[in-house]
Amino acid sequence: MDLNNCLQIGASVTQTTFVLNQHTAPHVGSGNAKILATPVLVNLFEAAALAVIETKLPPDTQSLGTRLEIEHTAATPTNMNVKVTATIKRVEGRTVTFELMAQDEIEKVSCGTHVRVVVNKQKFDLRVIAKSKV
């Protein structure tokens, strides 16, 4: 599967989230500080990466996250916006690598990389069904 025909290096999406209590570490069980939780940040990064490529993929395919590596270096309090950006850095076969960056209203809060692999939906669903019967 050659994804270079439908995906472009440098394509990116930036999404903004207003940090609420439901996004904080105590709410998701990842700590006590009332700041943007790392698991929520991970979800925001994955959603941005998905938004970059999902509508551009062949109709019988979907992408699945296989690796995510970030540094979460600054705290974002509630009632502040955080912007996450995912940019296609590399496309190799069925594998797409993204560069990630997050910034709140004051400073950069996170950066890293994310890898997604593109699979045939039907084949993937059949493997999951077979695995669930074990």
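Sites listed here are GluC sites (Glu not before Pro) in the stretch 61-134 whose DSSP assignment is loop and whose Cβ has at most 16 other Cβ atoms within 10 Å: E105, E107.
Run the quick spin-label model on K56 and M1: label points 7 Å from Cα toward the beta carbon, then report their separation in nm to one decimal. Distance between label points: 1.5 nm. A simple rule links phi to the HN-Hα coupling: the Karplus curve 6.51 cos²θ - 1.76 cosθ + 1.60 with θ = phi - 60°, which for the stretch 79-90 gives 6, 9, 7, 10, 9, 10, 10, 10, 10, 5, 9, 7 Hz, with x for Gly and Pro. What's the angle, to the nearest 10 degrees (0 to 90), between helix 121-132's Cα axis and the longest principal axis of the chain? Around 80 degrees separate the two axes. Taking only the Cα atoms of the chain, the ratio Rg/Rh comes out at 1.04, with Rh defined as the Kirkwood radius.
Got the relative contact order for the chain handy, in percent, Cα pairs under 8 Å and 6 or more residues apart?
On the way: 271 pairs, mean separation 37.7, N = 134.
Dividing the mean separation by the residue count of the chain yields 28 percent.
If R0 equals 35 Å, the separation of the Cβ atoms of A130 and K34 corresponds to a calculated FRET efficiency of about 0.20.
Working from label points 7 Å from Cα in the Cα-to-Cβ sense, the R90 to T78 distance is 4.1 nm. Across every pair of non-identical alpha carbons in the stretch 66-134, the mean reciprocal distance, once inverted, gives a Kirkwood radius of 14.4 Å. Close amide H pairs (under 5 Å, H built 1.01 Å from N) link V109 with A102, Q103, D104, residues at least 5 positions away or on another chain.
When the Cα centres of the stretch 3-43 and the stretch 65-97 are compared, how far apart do they sit, in Å? Using only Cα atoms, the two centres lie 8 Å from each other.
Bear in mind these aren't lab numbers, they're just calculated from the coordinates by the rules spelled out. Since this is a predicted model, take the numbers as computed values, not measurements. Every residue, glycine among them, receives a Cβ derived from its backbone with ideal geometry; neighbour counts consider all protein chains shown.
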